[in-house]
Amino acid sequence: MSVIQDQVKSGGYGGQHGPGETNYINHSKGVLSWLLTLDHKRIGLMYMVAVITAFLGGGLCAIALRTMLYLRAAPDVAPITAGTQDLYNQLFTLHGAILVFMFIIPAVPAILGNMILPLMLGAKDVAFPRLNLLSWYCYMAGATLFLYVLLSGGLDTGWTFYTPYSTSTTTSVAAATMGAFVLGFSSILTGLNFIATIHMLRPAGMGWFKMPLFLWALYATSIIQVLATPVLAITLLLLCAETVLHIGIFDPALGGDPVLFQHFFWFYSHPAVYIMILPGMGIISELMATFCRRQVFGYSFIAFSSIAIALLGFLVWGHHMFTSGQSAMANAVFSLITFSVAIPSAIKIFNWLATMYKGSISLATPMLYALAFIWLFTIGGLTGVFLGALSLDIMAHDTYFVVAHFHYVMVGSMLTSFIGGMYYWWPKMFGKMYNETVAKIAWGLIFVGFNLTFFIQFIAGSQGMPRRYADYLPEFAFYHKFSTVGSYVLAIGLFVVLFNWIHSLIYGRKAPQNPWGGNTLEWHTSSPPPHENFHEDPLVTEPYEMRAWDYDESIDGYVFDKDKAIELDQQSHH
Amino acid sequence: MNAHTNDDHGIGHVSPIWMLLGVFALLIFFTVLTVAVTYVDLGPANIWIALAVAVVKGALVGLYFMHLRYDSPFNSLILVGAFLFLAVFIGIALMDTGEYQQNISPPDTVRPVAG
Amino acid sequence: MSSENEHTGDTGHGDNHHPAHLAHHFETPEQQFESGKLGMWVFLATEILMFGGLFCAYAIYRGNHQDVFLYGYGALDKMWGATNTVVLLASSLTMAWGVRAAQKGQQKLLLTMLLLTFMGGVGFMCIKGVEYKAKWDHHLFPGTMNAFYYEGGQPKYPEKLEHAIAYIDGRNLGGEAHGGGGHAPAGHEAGDEAAPQEDSHAVEHDGSQVGDEDARHLGSVSPVIIPAVFGAPADVSTIKPPASPADMGVNDAVIDQAGAVSMPSAQHTQVLWNDLSGAEQKKVHLFFGIYFMMTGLHGLHVLIGMVLIAWLFFKARAGAFSKDYFAPVDIGGLYWHLVDLIWIFLFPLLYLIH
């Protein structure tokens, strides 16, 4: 209370800023002012360019894969694809490795987290701006190593680098593992920065339970990044030592234990699945609150379920190894704990649905993505429960059923939440609005295209189509053709999104400070924010108390009524 | 030794010299102890004694040299948390590899389980 | 670039005085200090988990192949390990003392302590170098460089293997204080009568069942196998046939005849080459792989720590630190102590295997 009154005394509230104002984008000029920047917003933008480029690369691999599988189905063109099996192996490896290590893991934390987290805290930057820049350079170094892999004979181990194949193949395993190792550092530095920032730079008046839920999700994500990624680092280091020196720890021919590699790998890579999905869930919580114009239902349940998912995520890695020779006892234990992850995930879904109930829902583009998320994540999550069941997994393991399952989670859910978040914060990041109609058309193409591509893969998988095969029996031709057509629709949708964004940068209408009426602190500064983030310290109240923002038709945005906000805040304290 | 026990001046805890030297003496004592113990055959107990001594030494370093005793408890939580997750990792991996060992080793290495 | 004001603190917020060392996004020096510390602790947690992977590999191989480790550790020198522990502990002391000096603004003492800490790192690396040199001399480097490396079920370097076996067997018999090639003076209760040529065979088989069965089987093995297995003549007086069916028989026989199960490794403290089963013999190089990965990664951290301390030293000499601003010394110190902490666990696990 006293905090608020101090702020009131300190003078008038931000409001609109004239066109002459500098913002973080035009604050200083020249390439070096970007490459040496310590500004979290600029680092976020640099991440955006790099990560979306990686997405394009990994996505094109996917289209090539689907096309190859389509051509297999046509006997008259079969010669075209003859002898391309090695290429196929390389493409699915690069598709997986690039998209996992260079897109899905950094996408939300490194782009939107970097951009929004300090703003949501009313802070001037993350706790360690230099480490933040270092993290981007680590990302670029890792990306360069992957580029080297691409040019030096490729990689055909699958993104999982399973031994003993990875220690015997002649492709660039050492360079790829080093690339992933360096990318891991980038991820660790981001997580470390976020933990310290959330702990140390919360403003006066923002207790843990007044934090926006996106920050809870990023915090949970950071815990995983910090605790799991080092194990990946040592795994990759050992694998590198294995391929270069043949120390033999993972190589059965040398007395080593290949199943141990899987333990090492999945101790990181299962929690990493939650690095991918948790920040997306955080975005959905924000979208639900803003576009239903309601307090999020069950705030603390959603907050704690993020932490619960992060912690439980460390106890289930063995469900990737049910058929790998893992012991029966471990299988049973891991299967049991796997089911328990469904509980916090379902808590989130139910709370979002309850938030929508009687909310005044506006179907803006970000909200459409949130709705798509709920649909896709429910399918992806529930099929995960199927696969957690030991007996069913023995049958479905390494089939397209698994492929469909994790694409529903890692692409369907994560990608929709990422794009939804990008649309939501786009006006804040660039100060430009996008074309709503085109954005909605793109959403439709993505949603339909995605389901066409992957739903049928559940069926193909349950019929026995194994994953990672360049060829298949004739009875699977229909599924593959269908899926490939779907993937084209999905790709077109994604390109329309890209077009929509670029178009907005050039021709977009100037964005108001707050186009959606959200009350988290990033909306309390201009769009785009100034270099130092805020013209004056923002007013910290309940994050989802949106009644103090009034719609102003002349700017097609919301205007803050500070007196009302203070009044509402005082009411909530009495 | 001059014992400045209360010369705090706002930032951080200043460790008195006697404490630093005392901790060092204890660490050396435990190092000698852990080496000495290896000359006595205590069967499987040896490794556990060695690890227990290492934990005590590690705790001394953490609490006094790294100021954890006087620090924000959250820093200790990070350290303990890291060890906890490590224990989960090593524990489960050890349990599982122990279980399946008989399936992967050639017959001449299989040792019957003592029972 | 004028905008990147880490040290200028003049972004126009706060009318309270903003010291030069306070970054613009922090309100108070305490907040900055605590943030730095928290960040370092989180980083140390990542270090612990990274080394944790190696400890996990260690635990799994040691847990499942006890004798391989009991055998391989014979190549390590307990006293060098203990000396290095003391060196590292001492450098931790000087580091902690240096932090104290920094906190109290004792510039000269800080420089001395940082220098001593750095010298501790140098001492540690030198001793490590001496140890690594011994490993190199006896062909015990990891992977394909290791004398115990097998290829297609055959030893890759028969002569080197012979040498390494003699070296480690000798040390295991004579205790780690002896140099290579030491021999036990007495105690060939069973081995003597059945296999007199086995100079270096298990001497402390005090469990008579094991000893007898061992002897019976060992006696039945002809030394003629040696050339066949090694592909080269071997010195029969020091080498016994590895990987022979007889070794496989040892354990089975123990159970069959004694009726009770006994683990040979629990019966005697010194494991010799011939106490290892054929499969275990092929795993000995794994011990060295793990040893070098663990000590190598740790050594790398010592080097990084030394760079850090050198940087602190030069910064301190330039007068960067004061009573009010010593965070880098404190945080750098945390890193150095962690390197020490990891060694505290590495030392007993690698050098004091029992």
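Of the helices (runs of 4 or more DSSP H) lying entirely inside the range A:27-131, not one carries at least 1 residues that are within 21 Å of residue A:450 (Cβ to Cβ), within 22 Å of the chain's Cα centre (by Cα) and basic (Lys, Arg).
From the list A:49, A:108, the one residue that fits, being open to solvent by 20 Å² or more (accessible area, probe 1.4 Å), at pLDDT 95 or above, closer than 30 Å to residue C:35 by Cα and among the hydrophobic types (A, V, I, L, M, F, W, C), is A:49.
Within the range A:556-569, can one find any residue that is surrounded by 14 or more Cβ atoms within 10 Å (Cβ to Cβ), farther than 21 Å from residue A:363 by Cα and touching a strand residue (DSSP E or B) at 6+ places or on another chain (Cβ under 7 Å)? Taking every residue of the range A:556-569 in turn, at least one turns out to be surrounded by 14 or more Cβ atoms within 10 Å (Cβ to Cβ), farther than 21 Å from residue A:363 by Cα and touching a strand residue (DSSP E or B) at 6+ places or on another chain (Cβ under 7 Å). The condition (being within 8 Å of another protein chain (Cβ to nearest Cβ), over 23 Å from the mean Cα position of the chain (by Cα) and open to solvent by 10 Å² or more (accessible area, probe 1.4 Å)) is satisfied by just one residue among C:275, C:330, C:324: C:324. Based on what the data block shows, is residue A:209 open to solvent by 10 Å² or more (accessible area, probe 1.4 Å), touching a residue at least 12 places away in the same chain (Cβ under 8 Å) and either over 20 Å from residue B:77 (Cα atoms) or touching a His at 6+ places or on another chain (Cβ under 8 Å) (or both)? So residue A:209 fits the description; yes.
Report yes if residue A:93 is under 23 Å from residue A:264 (Cβ atoms) and open to solvent by 10 Å² or more (accessible area, probe 1.4 Å), otherwise no. No. When A:119, A:183 are checked against the criterion of being open to solvent by less than 30 Å² (accessible area, probe 1.4 Å) and within 28 Å of residue A:249 (Cβ to Cβ), a single residue qualifies: A:183.
One residue alone among C:61, C:73 is aromatic (Phe, Trp, Tyr), within 19 Å of the chain's Cα centre (by Cα) and away from chain A (no Cβ under 13 Å), and that residue is C:73.
Here is a yes/no grid of residues against (1) within 14 Å of chain B (Cβ to nearest Cβ); (2) on the phi < 0 side of the Ramachandran plot:
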| site | (1), (2) |
| --- | --- |
| A:293 | no, no |
| A:296 | no, yes |
| A:304 | no, yes |
| A:308 | no, yes |
| A:312 | yes, yes |
| A:364 | no, yes |
| A:367 | no, yes |
| A:372 | no, yes |
| A:377 | no, yes |
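Exactly one residue out of A:253, A:217, A:204 is among the small types (Gly, Ala, Ser) and buried (at least 24 other Cβ atoms within 10 Å of the Cβ): that is A:217. Answer yes if at least one residue in the range B:57-76 is of a type in the set (D, E, K, R), part of a helix (DSSP H, G or I), more than 14 Å from chain A (Cβ to nearest Cβ) and farther than 30 Å from residue C:323 by Cβ, and no otherwise. Checked the range B:57-76: at least one residue is of a type in the set (D, E, K, R), part of a helix (DSSP H, G or I), more than 14 Å from chain A (Cβ to nearest Cβ) and farther than 30 Å from residue C:323 by Cβ. Among the residues of the range A:401-429, the ones that are open to solvent by 10 Å² or more (accessible area, probe 1.4 Å) and more than 20 Å from residue A:494 (Cα to Cα) come to 4 in all.
The single condition among (1) touching a residue at least 40 places away in the same chain (Cβ under 8 Å); (2) of a type outside the set (S, T, N, Q); (3) within 14 Å of chain B (Cβ to nearest Cβ); (4) surrounded by 18 or more Cβ atoms within 10 Å (Cβ to Cβ) that residue A:332 does not satisfy is (4). The set of residues from the range A:142-161 being surrounded by fewer than 17 Cβ atoms within 10 Å (Cβ to Cβ) and under 11 Å from residue A:182 (Cβ atoms) comprises just one member, A:144. Within the range C:104-120, the residues that satisfy the criterion of being in a helix (DSSP H, G or I) and either among the aliphatic types (A, V, I, L, M) or surrounded by fewer than 24 Cβ atoms within 10 Å (Cβ to Cβ) (or both) are C:107, C:108, C:109, C:110, C:111, C:112, C:113, C:114, C:115, C:116, C:118, C:119. Residues in the range C:98-125 that are within 11 Å of chain B (Cβ to nearest Cβ) and either of a type in the set (Lys, Arg) or farther than 17 Å from residue C:320 by Cβ (or both): C:100, C:104. When A:388, A:381 are screened for being in contact with a His (Cβ under 6 Å, 6 or more places away or on another chain) and not acidic (Asp, Glu), only A:388 passes. Taken over the range A:395-412, the residue count meeting the criterion of being part of a helix (DSSP H, G or I) and more than 19 Å from the chain's Cα centre (by Cα) is 5.
Restricted to the range A:161-253, the set of helices (runs of 4 or more DSSP H) holding at least 3 residues that are at the interface with chain C (Cβ under 10 Å from one of its Cβ atoms) and in contact with a Phe, Trp or Tyr (Cβ under 6 Å, 6 or more places away or on another chain) comprises A:213-245. Taken over the range A:457-485, the residue count meeting the criterion of being touching a residue at least 40 places away in the same chain (Cβ under 8 Å), in a helix (DSSP H, G or I) and buried (at least 19 other Cβ atoms within 10 Å of the Cβ) is 8.
Checking each residue in the range B:28-52 for being facing chain C (nearest Cβ under 7 Å) and within 23 Å of residue C:96 (Cα to Cα) picks out B:28, B:31. Going through (1) more than 21 Å from the chain's Cα centre (by Cα); (2) surrounded by fewer than 19 Cβ atoms within 10 Å (Cβ to Cβ) one by one, residue A:304 falls short only on (1). Restrict the check to the range C:79-89 and report whether at least one residue is within 14 Å of chain A (Cβ to nearest Cβ) and modelled with pLDDT of 90 or more. No, the range C:79-89 has no match at all. Any residue in the range A:499-516 that is within 20 Å of residue A:215 (Cβ to Cβ) and in a loop (DSSP other than H, G, I, E, B)? Yes; the residues of the range A:499-516 include at least one that is within 20 Å of residue A:215 (Cβ to Cβ) and in a loop (DSSP other than H, G, I, E, B). Here the condition is being in a helix (DSSP H, G or I) and modelled with pLDDT under 95; of A:415, A:368, A:376, A:392, it holds for A:392 alone. Count of the range C:280-303 residues, restricted to those that are of a type in the set (A, V, I, L, M) and free of Cβ contacts under 8 Å to residues at least 24 places away in the same chain, is 1.
The values are calculated or read from the model by the stated rules, or taken from the named source; none is laboratory data. Small disclaimer: the values here were computed from a predicted structure and weren't measured. Glycine also receives a Cβ, built like all others from the backbone with ideal geometry; neighbour counts cover every protein chain displayed. Note: accessible area is taken over every heavy atom of the protein model, side chains too, but ligands, DNA and RNA are not part of it. Shrake-Rupley method; radii C 1.70, N 1.55, O 1.52, S 1.80 Å.
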